[in-house]
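What follows is one structure encoded as structure tokens, with my remarks underneath.
The values are calculated or read from the model by the stated rules, or taken from the named source; none is laboratory data. A quick note: this is a predicted structure, and the numbers were derived from the prediction, not measured. Cβ coordinates were reconstructed from backbone atoms using ideal geometry, including for glycine residues, and neighbour counts include every protein chain displayed. Just the protein is used for accessible areas: all its heavy atoms, side chains included, with ligands, DNA and RNA removed. Shrake-Rupley method; radii C 1.70, N 1.55, O 1.52, S 1.80 Å.
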Amino acid sequence: MHAKSIRVGMAGCGTVGCGVGDLLIRDHDALAARTGLDIRLVRVAIRDVCKSRAPHVPDAIITGDLATLNRADVDLVVELIGGTTVARQVVLSAIAAGKDVVTANKALLALHGPEIYAAARAAGVGVLFEGSVCGGLPVIGGVLRGLIANRIDAFEGILNGTCNYVLTEMLVAGKSFADALADAQRLGYAEADPALDINGTDTAHKLAVLATLAFGVHADFATIPVEGITRIGLVDLLAGHELGFACKLLAVGRMTEDGPALYVRPTFLTREHPFVGVDGRGNAVSFYGHSVGHVMFKGMGAGGGPTASAVVSDVVEIALGNGRRTFTQLPMFDTAAATRQAAMRPTAPARFYVRCAARGGAAAVSGIADGLRGAGVAVQEARPFTHPAVAAEGTYVILLTAPTMESTMRAAIDGMQKGGAATEAPVYLPVTDPFVSSNP
Ligand code: HSE
């Protein structure tokens, strides 16, 4: 019996593209044995044909002409070019040419998802994107297939390997923020523009993709509250560690009576939280479904190998005939009538950690605590904090609050700055216990 053949054209051949080259060319026979499919990488279109490329991709299939991906000798287009301009054109023109598309481009889906989904549904082709969220973790297929029977009430995730690596390396290996980020870039975890990692944008892109799958909404990206890790200092990681907290950049989605609450912010996890121990470039995502309860995916989210694993799983899914059918039938991708829905800020009270460099050092502790109390924040603990690793920075004051509304906290922090109690803008972040679902 002849294996079914599928001819793949790929746009871009960076870190992930090299990984896809390895899996489709080097591992061709093993993949054929496992799937019964003859998947051939027949063309790789890259913008700069002089750049070094995957060791297993022969020169003969490399081209500088992206339009050749739409020729009749390509069945399926894999978009790994990144960004949202050329990538959008590659995807829309492939769809117009009747090709199924696989992409790992979370920015493209977060910003142009409804346009792309509508074009693909109108053309009767599939758009699959397992590699767009958490690289190698089968999160998208997990939700669309494994959890489809559930109403998802909430999800949360550590979705950016670079940030998680930086936070871990600062605390565990004593690296500076800049050195840890440079290492993440060298290891191939970071975006081409690493500002997207550390300012939280990449996490928010992935959050928007997950919100479509979990809640069936297309978030208006500009309305998602996003805070990255740039203001987190070693002092916060050390103080948190002493308090029994681990700092993670969390993406949170909750379905509320008023609509989806989506946000990205650095958060301290208590010792009981299921994400404790997800360190380095590790990613994790939890879903809370009304029937299944809590399900968690955990593994390697960034890097060429894990993301290529996800991309090739989509190629196989399309070649098997499942990918296009799933995409064209599930109503969450029927965006003809969809409007972009605004995301909301969190509305539930949370405990907060506050750190400030105080005028007057340790003597200022009670004054700062009283200032917060005066602004309506119940302070549970307030003390000076010093550590040999940050001794040169002077004395900090750290505080822990009782559960407080975000709006009250924000007003109190503004007041601290205006009143001159803090010498620089205080850092404050929520302390999160494990989510309690209606169906534990
Ligand atoms: N820059 C991303 C990260 C790559 O660090 O997670 C995977 O999307």
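Looking at this structure, is residue 328 open to solvent by 30 Å² or more (accessible area, probe 1.4 Å), more than 23 Å from the chain's Cα centre (by Cα) and in contact (Cβ under 8 Å) with a residue 40 or more places away in the chain?
Taking the combined requirement at face value, the residue satisfies it.
Take the residues in the stretch 116-139 that are open to solvent by 10 Å² or more (accessible area, probe 1.4 Å) and in a helix (DSSP H, G or I), then tell me which one is nearest to the ligand (Cβ to nearest atom).
Top of the filtered list is 130.
Which of (1) open to solvent by 10 Å² or more (accessible area, probe 1.4 Å); (2) charged (D, E, K, R); (3) assigned to a helix (DSSP H, G or I) is the odd one out, the single condition residue 265 does not satisfy?
Going through the list (1) open to solvent by 10 Å² or more (accessible area, probe 1.4 Å); (2) charged (D, E, K, R); (3) assigned to a helix (DSSP H, G or I), residue 265 breaks only (3).
When the residues of the stretch 201-232 are narrowed to those that are open to solvent by less than 20 Å² (accessible area, probe 1.4 Å) and closer than 16 Å to residue 165 by Cα, which ends up farthest from the ligand (Cβ to nearest atom)?
Taking the candidates together, the pick is 232.
Kindly indicate which of 41, 24 is surrounded by 21 or more Cβ atoms within 10 Å (Cβ to Cβ), in contact (Cβ under 8 Å) with a residue 40 or more places away in the chain and either under 25 Å from the mean Cα position of the chain (by Cα) or under 17 Å from residue 314 (Cβ atoms) (or both).
Testing whether each residue is surrounded by 21 or more Cβ atoms within 10 Å (Cβ to Cβ), in contact (Cβ under 8 Å) with a residue 40 or more places away in the chain and either under 25 Å from the mean Cα position of the chain (by Cα) or under 17 Å from residue 314 (Cβ atoms) (or both) leaves just 24.
Return the residues of the stretch 69-83 that are of a type outside the set (A, V, I, L, M) and either in contact with a strand residue (DSSP E or B) (Cβ under 6 Å, 6 or more places away or on another chain) or open to solvent by 40 Å² or more (accessible area, probe 1.4 Å) (or both); say none if nothing qualifies.
70, 71, 73, 75, 79, 83
Run residue 94 past the list (1) over 15 Å from residue 312 (Cα atoms); (2) of a type in the set (Gly, Ala, Ser); (3) surrounded by fewer than 17 Cβ atoms within 10 Å (Cβ to Cβ) and report the number of the one that doesn't hold.
For residue 94, the exception is condition (3).
So which residues in the stretch 140-162 are closer than 24 Å to residue 348 by Cβ and assigned to a helix (DSSP H, G or I)? First the steps, then the outcome.
We begin by selecting, within the stretch 140-162, every residue closer than 24 Å to residue 348 by Cβ; these are 143, 147, 150-160.
Result: 143, single match.
Select from the stretch 99-112 the residues that are open to solvent by less than 40 Å² (accessible area, probe 1.4 Å) and either away from the ligand (no atom under 16 Å from the Cβ) or not in a helix (DSSP H, G or I) (or both) and list them in ascending order.
Within the stretch 99-112, 99, 100, 101, 102, 103, 104, 105 meet the criteria.
With (1) within 16 Å of the ligand (Cβ to nearest atom); (2) open to solvent by 10 Å² or more (accessible area, probe 1.4 Å) as the list, and residue 276 as the residue in question, which single condition is left unmet?
(1)
Within the stretch 163-200, work out how many residues are outside any loop (DSSP other than H, G, I, E, B), open to solvent by less than 50 Å² (accessible area, probe 1.4 Å) and within 10 Å of the ligand (Cβ to nearest atom).
7
Does residue 388 qualify as being free of Cβ contacts under 8 Å to residues at least 60 places away in the same chain, open to solvent by 10 Å² or more (accessible area, probe 1.4 Å), under 28 Å from the mean Cα position of the chain (by Cα) and more than 30 Å from residue 36 (Cα to Cα)?
No, not satisfied.
Any residue in the stretch 139-167 that is over 26 Å from residue 246 (Cβ atoms) sitting within a Cβ distance under 6 Å of a residue that is more than 13 Å from the ligand (Cβ to nearest atom) and open to solvent by 10 Å² or more (accessible area, probe 1.4 Å)? List the pairs, counting only those 6 or more apart or interchain.
149/291; 150/290; 150/291; 150/292; 151/290
Taking the condition of being open to solvent by less than 10 Å² (accessible area, probe 1.4 Å) and away from the ligand (no atom under 12 Å from the Cβ), how many residues in the stretch 289-309 meet it?
Count: 2.
Residue-wise test of (1) of a type in the set (A, V, I, L, M, F, W, C); (2) at pLDDT 90 or above.
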residue: 307; (1), (2): no, yes
residue: 319; (1), (2): yes, yes
residue: 325; (1), (2): no, yes
residue: 328; (1), (2): no, yes
residue: 337; (1), (2): yes, no
residue: 346; (1), (2): no, no
residue: 353; (1), (2): no, yes
residue: 360; (1), (2): no, no
